[in-house]
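The values are calculated or read from the model by the stated rules, or taken from the named source; none is laboratory data. Here the structure is a predicted model, which is why all the values come from computation and not from measurement. Here the Cβ positions follow ideal geometry from the backbone for every residue, glycine too, while neighbour counts run over all protein chains shown.
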Amino acid sequence: MSKNNSPPISQKAPGHVAIVMDGNGRWAQARGKSRVFGHQAGVDTVRNIVSHAAKSGTRHLTLYSFSTENWKRPEEEIQALFGLLRSFVHRDLDRLHNEKVCVKVLGNKNNLPQDISKILQDVESKTRLNSGLNLNIAFNYGGRDEIIRMVQNICSQVANGSIQIDAITEKTIASFLDTKGQPDPDLIIRTSGENRLSNFLLWQSAYAEFVLTDVLWPDFTPADYDAALTVYSQRKRRLGGVEL
C-alpha cells in the first residue's frame, strides 16, 4: 500500500476562531427595548469575549460586526451602529493597544462614511505591530464581495503581466483576500440559534468546524466560549483525508 499523505488529525485548541454575533435585536425585544439597546449590550459582550479569548490562548479572533447586507436595515439603526463603533474605539483602543492586540479590519472600505474610514485606519495603524491576539473586525464585510474584489485584483495583475493565469493557485487567491497572511478559521461559532453562514468567510471556511448555540449574543459569556472550544476539541478534523 502507498503511504497515506493526508493531513494529521489535530485535537489542539483552535488557533483561529470566528464568530457570527447574532441575536442583539431579539435580546432587546424580549426586554421591551429597542434594537439599538441590544447592540449596546452586544458591545459589552465583545469586550468580555475579546479579553477572554486573548487570555485563553486564541491567536486569531474574527468578529462579524457589520455585513454588506446590513445596509438594508433602517437608517436609524445603521447610524446607531456607527455610533457604537465610534464609542468602542474611543473607549477601548488604548486598552487593546496596551494588551498588545493587533486589530485588522476586514471588508470593503470604499463606501463608508469618511470619519468611520478614518477611525478604522487609525485602529489598524496604532495596533499593527502588536504581537498579542490578532483581532479581525469584519465591518462592511461580505464573503461574496470579498471574492469579487479578489477576482478583480487578480485579473488586474494578469492584465499587466504580473501574474500568469496558469500560475494561479489557492495560495495566490488567499494572498488577495482580506485575511491575507492569516490561517483560515478552525472554528466558527454562531449565536442565537440560527443555522446559516450568512455570507461570512466563504472561501476561508471550507474546512472550518461549526458550533451553533441558542444563546443570544448579549448573553454569550466566556463560559460559552470555552464550551464551544471543548466541543471543537472533540471533533475529528480529517481535512478531506481519512482517520487511520
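Here is a check on your reading of the model: is Thr179 of a type in the set (Ser, Thr, Tyr), modelled with pLDDT of 95 or more and surrounded by fewer than 11 Cβ atoms within 10 Å (Cβ to Cβ)?
On the way: of a type in the set (Ser, Thr, Tyr): yes; modelled with pLDDT of 95 or more: yes; surrounded by fewer than 11 Cβ atoms within 10 Å (Cβ to Cβ): no.
It is false that Thr179 is of a type in the set (Ser, Thr, Tyr), modelled with pLDDT of 95 or more and surrounded by fewer than 11 Cβ atoms within 10 Å (Cβ to Cβ).
For every residue, the table says whether it meets (1) free of Cβ contacts under 8 Å to residues at least 24 places away in the same chain; (2) at positive phi.
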residue: Arg31; (1), (2): yes, no
residue: Gly38; (1), (2): no, no
residue: Val43; (1), (2): no, no
residue: Asn48; (1), (2): no, no
residue: Ser51; (1), (2): no, no
residue: Ala54; (1), (2): no, no
residue: Gly57; (1), (2): no, yes
residue: Phe66; (1), (2): no, no
residue: Arg73; (1), (2): yes, no
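Out of everything in region 134-182 that is in a helix (DSSP H, G or I) and of a type in the set (Lys, Arg), what residue ends up being farthest from Arg86 (Cα to Cα)? Please lay out each step first, then the result.
Looking only at region 134-182, we keep the residues that are in a helix (DSSP H, G or I), and these are 143-159, 165-167, 170-174.
Still in the list and also of a type in the set (Lys, Arg): 144, 149, 171.
Working: Arg144: 26, Arg149: 26, Lys171: 35 Å.
Among residues in region 134-182 that are in a helix (DSSP H, G or I) and of a type in the set (Lys, Arg), the one farthest from Arg86 (Cα to Cα) is Lys171.
Scanning region 151-176 for residues that are within 22 Å of Tyr141 (Cβ to Cβ) and small (Gly, Ala, Ser), we see that the one that is surrounded by the fewest Cβ atoms within 10 Å (Cβ to Cβ) is Ser156.
Is it the case, given these coordinates, that Ile189 is crowded, with 18+ Cβ neighbours inside 10 Å, over 18 Å from the mean Cα position of the chain (by Cα) and not small (Gly, Ala, Ser)?
Working: crowded, with 18+ Cβ neighbours inside 10 Å: yes; over 18 Å from the mean Cα position of the chain (by Cα): no; not small (Gly, Ala, Ser): yes.
For Ile189, the condition - crowded, with 18+ Cβ neighbours inside 10 Å, over 18 Å from the mean Cα position of the chain (by Cα) and not small (Gly, Ala, Ser) - is not met.
The residue of region 206-218 that is nearest to Asn108 (Cα to Cα), among those that are part of a loop (DSSP other than H, G, I, E, B) and touching a helix residue (DSSP H, G or I) at 6+ places or on another chain (Cβ under 8 Å), is Leu216. Candidates are the residues of region 12-43 that are farther than 20 Å from Thr179 by Cβ and aliphatic (A, V, I, L, M); the one that is surrounded by the fewest Cβ atoms within 10 Å (Cβ to Cβ) is Ala30. Of all the listed residues (Lys118, Lys100, Lys104), the sole one being in contact (Cβ under 8 Å) with a residue 12 or more places away in the chain, surrounded by fewer than 19 Cβ atoms within 10 Å (Cβ to Cβ) and not acidic (Asp, Glu) is Lys100. None of Leu197, Leu187, Leu201 is on the phi > 0 side of the Ramachandran plot and not small (Gly, Ala, Ser) except Leu201.
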